[in-house]
Every structure is written in C-alpha cells, then in structure tokens.
1. On a straight-distance basis, which aspartates and glutamates could pair with K48 in a cross-link, Cα separation under 14 angstrom, same-chain partners fewer than 8 positions away excluded?
2. Through the Karplus equation 6.51 cos²θ - 1.76 cosθ + 1.60, θ set to phi - 60°, convert the phi angles of the stretch 10-23 into ³J(HN,Hα) values in whole Hz; use x for Gly and Pro.
3. Using each residue's phi in the stretch 94-106, evaluate 6.51 cos²θ - 1.76 cosθ + 1.60 at θ = phi - 60° and report the 3J(HN,Hα) Karplus result to the nearest Hz, with x for Gly and Pro.
4. Set Lys and Arg Cβ to +1 and Asp and Glu Cβ to -1, take the dipole of the stretch 3-130 about its Cα centre, and tell me which of S83, A97, F107 lies farthest positive.
5. What is the Å³ per residue value for the convex hull set by the Cα atoms of the stretch 244-304?
6. Under unit Cβ charges (Lys, Arg +1; Asp, Glu -1), what dipole magnitude, rounded to 20 debye, does the stretch 194-327 have relative to its Cα centre?
7. Taking loop as defined by DSSP and a crowding limit of 11 other beta carbons within 10 Å, which GluC sites (Glu not before Pro) in the stretch 1-60 fit?
8. Comparing I52, I285, I255, which has the greatest mean-square fluctuation in the GNM of the chain with Cα pairs linked when under 10 Å apart?
Amino acid sequence: MAITVVIADDIPTTRDDIKRLLYFEEDIEVIGEAADGYEAVALAEELKPDVILMDINMPRMDGIEATERITTNNPQTAIVIISIQGENEYLKKAMAAGAREYLIKPFTAKELSETIRRVYESQQKRNMAWIGTKIEKPDNLPQKRGKIISFFSTKGGVGKTVVAVNLAMQLSKDVQKKVVLLDLDLSAGDAALMLNIAPITSIVDLVKEQEELSYDLLEVFLLPHVSGLKLLAAPERPEFSEYVTSKHVEEILRILKDNFDYIVVDLPAYYSDTNISVLEDSEYIILLLNQDITSLKRAKIDFEILKKLNLEQKVKVVLNKKGNDGFKPEDIEKVLGTKIFSYLIEDERTVVSSVNKGNPFVLSAPKSKIALSIAELSEKLGLR
C-alpha cells in the first residue's frame, strides 16, 4: 500500500509543486490538500493520512497550532513541517508541537520522498507500540536483551558526556556485564577523549562499509578500554557526520542490544528523527540539568517535548553539580512539575582532573563524592 499524504499550504502553486515532486514516487500518494490549519485538522480526522506536509505560516490557524491539535487527536499521523523559515526557534516550536521532521524550502524530490518514507516507517513503529503489537521473530534469531540508557539535554555544558562516560564505566566495573558506550554526538563527540582512547575508527568508518551490518563487522570498530568497556566513537571531523543516517543508527542499536547487556548512549543537544528514535528505544532517558536559570529553562522545554512524545515514564531527571548556589532542588521540581530522580554532587576538582587525564573518576577517585553519586545513580536505576 502507498504512503498516504496530505499537503497543507496556503499557496496553491506550492501545493502543485509538491505534487509534481512526488508524482513519480509509486509508493507515495497525495490524497488531500488543505489551504490553512483548520482544513488540515479536518482532513486529518476525515482521511487519517499517514503523513501531513505542513506549512508553518498559514491564515486562520498556523501550522504549529494545527500540528499540536493533530498530534493530540490523531497521533497515528506523522507531521513534517515545511517552511522557508530555517531558524532554530521555528524548529523548536515545531518539535514541541509534535512534528516528526522539518524541511526547509526549497527541497528536492529526493529529500522530500526520503523524509516521508523515513517518518512513515518511524511512525509505524510507534503505532504498533501504542496498540501493544509485537513483531514476531523467527525462533533462530537471538532475543534482544540489552538495555539502552540515553543521556540527553539540549543545553550544552551540563556535563552530559562526563556523566555518560562515568556511568558506563561504573556499570562495566560493578555488574561484570558487557557494556558499550555509543557516542552519537556526531559533530562534537568527546567520549573517546575522556577515556584516553585514540579513535582510529569511528561510527562513520563502520557505516561506510559496503557489507551488510553484522556483529562480527561492528566489533571491528568497537574501541576497547582496559576496563572492558567498549566504545563506538563519534567521528573526529564534524563534516563526516552526514554519512550516518537514522537507519544506520537503528541497525547498530539492534545489533548492540543482541550482544550487550547495557548500551549507554551520549546524544547530541538537539532534536532529530534519529535522536527521537533512540529515545523511544531507551529503557531510561537521563535528562540532565544544573542549578542555573538557562539550564532550568532548557530542561523544562525538553521535559515538555518528551511528554508530548509519550516518553515521560522513561525520563529520569538528574541534577548535576548539586551545590549551595543556584536554584534549590525543591524550586526546580516545582518548575519542572516532576521530582528529581537523583543528584550528582559538585566536585569540580575531581572532574576536571579526570577529564584532563582521560581517566574516568569512578576509576581514578572511586571514593570521591561525585563517584559515589554515580554509583548511587546506577543503583537507583536498578542496574547494579
């Protein structure tokens, strides 16, 4: 069956242009058009399309409000925002409203069709999860067993990578199980540096291989640490990140879950279909924040977006660098509307020394307050 699409744009020529771009895509069918947000909401209810291509600036009701209504009333439909506005603020508003992707005009037929297919496939998985459907697997395939623990925040500087590296190391040290750290901060990943590992290979080298992904192939690109922890590193040069697609990450995680007990993922500080897919596949989402107002503002927005994505139950809010300055924990909980799951005590001297030496503090200073905080976090998560 074809992927059904509705185009919502107030300019008729734009709708015609999009239909022309999709004309030769045999697996995509345009089944309706809307000239404003009200019409888009009505068509979503009437036609129940797989995907809606939604312009932001439309009369009567704009695309952001229409997206929010549709994702609430018709969650089985995926929204792709299309706009000439490329600013981050528009992207944040679109994602907060429930949009799955954001395309900036003009775009090519390939960009459009690939986005529609990617979003459709992702949405189908969500729809199956919502109705409790499980995909049957042949008996000869291994059962997935690994738990994914993802670290996320759209505020830089909250200590996300430091905490991810040390929790992964703590798990490797304590539970004596197979642990892998996946650095998905593809444009600025520092996990290898913090482990004092020279990243001779990275996730980019893996996905460039022409062979079908398998554990035997993936294992070649896993960098070993003396502790037994394995690392799949981010590329050293940010421009190489474009080689890694959502499909690559999905396949890598599938293989890792079949072969490791714990997969700790360090995610970049932004929303994308890849990141959301990882968050949905996670056992726990560690949402980090500090006690300053900018961190609290971003954490509140992040938490609201994750709630809209039906991921609230997985989110564990962790206050990093807890000290006497800044907002009090009870005030933070009041702003966020949720309890702080765990606290990591401020210990700048230990952390800076650890980072500079590339030696995680759970190894170099296991009795320090910050190391004991990581051990407590691991215990609270039930991972020890």
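1. E29, E33, E39
2. Per-residue couplings from phi come out as 7, 9, x, 5, 5, 4, 5, 4, 5, 4, 5, 4, 9, 4 Hz.
3. Running phi through 6.51 cos²θ - 1.76 cosθ + 1.60 with θ = phi - 60° gives 5, 5, 5, 6, x, 5, 8, 8, 9, 10, 9, 6, x Hz.
4. Selected residue: A97.
5. In the stretch 244-304, the Cα hull volume divided by residue count equals 93 Å³.
6. Charge dipole of the stretch 194-327: 800 debye, to the nearest 20.
7. Sites meeting the loop and neighbour criteria: E26.
8. Greatest mean-square fluctuation among the candidates belongs to I255.
Read-outs throughout are calculated quantities, based only on the coordinates presented, and are distinct from any laboratory measurement. Just so we're clear, the structure is a prediction, and the values are computed from it rather than from any experiment. Heads up, the Cβs are rebuilt from the backbone with ideal geometry, glycines too, and the neighbour counts pull from every protein chain shown.
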